[in-house]
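Asks: Handing you this structure, nothing more for now.
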Amino acid sequence: MAQPDRSLWLKGPGNICKCKPSTKEFHPWRLVLLGPPGVGKGTQAAMLSEKLGACHLSTGDIFRMAKTISPDQRSKALQEAITYMDKGLLVPDTIVIALVKERSDCLKCECGFILDGFPRTIEQAQALQSFLDELNVQLDGVVNYQMDIEKIIARLSGRRVCINCKSVYHIVTMPTKVEGICDKCGGQLVLRDDDKPEAIRVRMETYNRETAPLIDFYKNSGLLLNVDANGTPQEVLERTLRGLQMLKA
Ligand code: AMP
């Protein structure tokens with residue numbers, strides 16, 4: 001199944017997505033992905049999106065997309081968000097929640113959604129819950145990817161992202177056919193500013209302080225699915241899909 005169009009999510013209000021469910025029997029999956037930075041959430045979100053036909057909604061992608069336009073064309077909120085992101089800091093809740101709110105049509109999309117990188121704080125999780133309640137939409141699962149911290153650091157420093165289509169690779173575990181060039185669009189691959197060593201350290205501390213408490217937040221909802229993130233992306237995907245089927249049953 002092709003990945004759905006994400007115009008509204010990436011470019012904001014005023015943009016219309018062309019996303020349509022492929023069949024009448026289509027079941028929209030509505031998932032939140034959790035896990036420390038570098039655990040492979042983005043890769044899994046893209047693979048799940050392709051498999052399940054649901055839109056991959058990453059707040060990090062909104063900010064990276066904003067970085068590709070000239071500074072005088074960016075909104076004040078996005079400009080501020082970028083300065084936090086480049087230091088490896090969380091963007092303030094008020095900015096992130098406002099950006100998601102103006103994209104809340106994505107949460108009632110017929111194709112479903114896979115939220116990657118949002119929520120990242122208890123305040124964001126509460127905001128998400130109130131948006132979903134307003135829209136009368138229920139989550140199907142909260143997938144929590146788990147991995148040792150040393151492995152995560154090795155992963156992040158080898159990660160490369162296409163400046164054009166945002167595809168994610170790894171110099172060891174998921175290399176491109178031609179070094180430094182995206183397999184999908186021929187774009188140049190770069191090390192993200194926030195994957196540089198100092199930013200990684202800050203992001204790990206922030207994760208432990210702000211995001212790890214979300215595991216407890218979702219624990220009693222009956223939606224939490226812990227998934228071992230070790231192994232190839234395909235193995236982790238299959239593990240996730242098996243877990244989701246069990247959760248659904
Ligand atoms: P990600 O691609 O999800 O790792 O996000 C990259 C960066 O964007 C993070 O390190 C934060 O600076 C910022 N960011 C993305 N999503 C959020 C969020 N939900 N709350 C605060 N900051 C975020």
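The values are calculated or read from the model by the stated rules, or taken from the named source; none is laboratory data. If you're wondering where the values come from, they're calculated on a predicted model, not measured in any experiment. Quick reminder, even Gly has a Cβ in these numbers, built from the backbone with ideal geometry, and neighbours come from all protein chains shown.
Asks: Being touching an Asp or Glu at 6+ places or on another chain (Cβ under 6 Å), surrounded by fewer than 19 Cβ atoms within 10 Å (Cβ to Cβ) and in a helix (DSSP H, G or I), is that true of even one residue in the range 176-184?
Replies: Within the range 176-184, none of the residues are touching an Asp or Glu at 6+ places or on another chain (Cβ under 6 Å), surrounded by fewer than 19 Cβ atoms within 10 Å (Cβ to Cβ) and in a helix (DSSP H, G or I).
Asks: Further, regarding this structure: Can G88 be described as within 15 Å of the chain's Cα centre (by Cα), of a type outside the set (A, V, I, L, M, F, W, C), more than 25 Å from G14 (Cα to Cα) and not in a helix (DSSP H, G or I)?
Replies: no
Asks: Taking the criterion of being modelled with pLDDT of 95 or more, within 26 Å of E235 (Cβ to Cβ) and either of a type in the set (D, E, K, R) or part of a helix (DSSP H, G or I) (or both), would at least one residue in the range 196-213 satisfy it?
Replies: yes
Asks: What's the number of the only condition in (1) touching a residue at least 24 places away in the same chain (Cβ under 8 Å); (2) out of contact with any strand residue (DSSP E or B) (no Cβ under 7 Å at 6 or more places or on another chain); (3) surrounded by 11 or more Cβ atoms within 10 Å (Cβ to Cβ) that K219 fails to meet?
Replies: The number of the failed condition is (1).
Asks: Of the numbered conditions (1) more than 8 Å from the ligand (Cβ to nearest atom); (2) of a type outside the set (K, R); (3) in contact (Cβ under 8 Å) with a residue 12 or more places away in the chain; (4) in a helix (DSSP H, G or I), T83 satisfies every one except a single condition; which is it?
Replies: Here T83 clears every test but (3).
Asks: Being surrounded by 14 or more Cβ atoms within 10 Å (Cβ to Cβ) and modelled with pLDDT of 90 or more narrows it down to one of R192, R160, so name that one.
Replies: Just one listed residue meets the conditions, R160.
Asks: Test G112 against the stated conditions and say whether it is near the ligand (Cβ under 10 Å from one of its atoms) and either touching a Pro at 6+ places or on another chain (Cβ under 7 Å) or within 19 Å of A199 (Cβ to Cβ) (or both).
Replies: no
One line per residue, one yes/no per condition, for (1) of a type outside the set (S, T, Y); (2) crowded, with 18+ Cβ neighbours inside 10 Å; (3) within 15 Å of the ligand (Cβ to nearest atom):
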| position | (1), (2), (3) |
| --- | --- |
| V91 | yes, yes, yes |
| R103 | yes, yes, yes |
| R120 | yes, yes, yes |
| S130 | no, no, no |
| Q138 | yes, no, no |
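Asks: Sort out which residues of the range 47-59 are away from the ligand (no atom under 12 Å from the Cβ) and within 26 Å of A98 (Cβ to Cβ), and write them in order of number.
Replies: Selection gives S49, A54, C55.
Asks: Quick one: is I62 surrounded by fewer than 20 Cβ atoms within 10 Å (Cβ to Cβ), closer than 29 Å to M174 by Cα and within 12 Å of the ligand (Cβ to nearest atom)?
Replies: Judged against the criteria, I62 is not a match.
Asks: With the checklist (1) in contact with a helix residue (DSSP H, G or I) (Cβ under 9 Å, 6 or more places away or on another chain); (2) on the phi < 0 side of the Ramachandran plot in hand, flag the one item K76 doesn't pass.
Replies: (1) is the only condition that K76 fails.
Asks: I've got another one for you. If I go through the range 19-60 residue by residue, how many of them are over 26 Å from A212 (Cα atoms), at pLDDT 90 or above and hydrophobic (A, V, I, L, M, F, W, C)?
Replies: Total satisfying the criteria: 1.
Asks: What number of residues in the range 39-77 are under 11 Å from the mean Cα position of the chain (by Cα), not in a helix (DSSP H, G or I) and not hydroxyl-bearing (S, T, Y)?
Replies: Qualifying residue count for the region: 4.
Asks: Quick check on my filter: what residues within the range 214-238 are assigned to a helix (DSSP H, G or I), at pLDDT 95 or above and within 18 Å of the chain's Cα centre (by Cα)?
Replies: Correct list: L214, I215, Y218, Q234, V236, L237.
Asks: Sticking with this one: Determine if the range 66-78 includes at least one residue that is within 22 Å of Q129 (Cβ to Cβ) and among the β-branched types (V, I, T).
Replies: Checked against the condition, which is being within 22 Å of Q129 (Cβ to Cβ) and among the β-branched types (V, I, T), the range 66-78 yields no hits at all.
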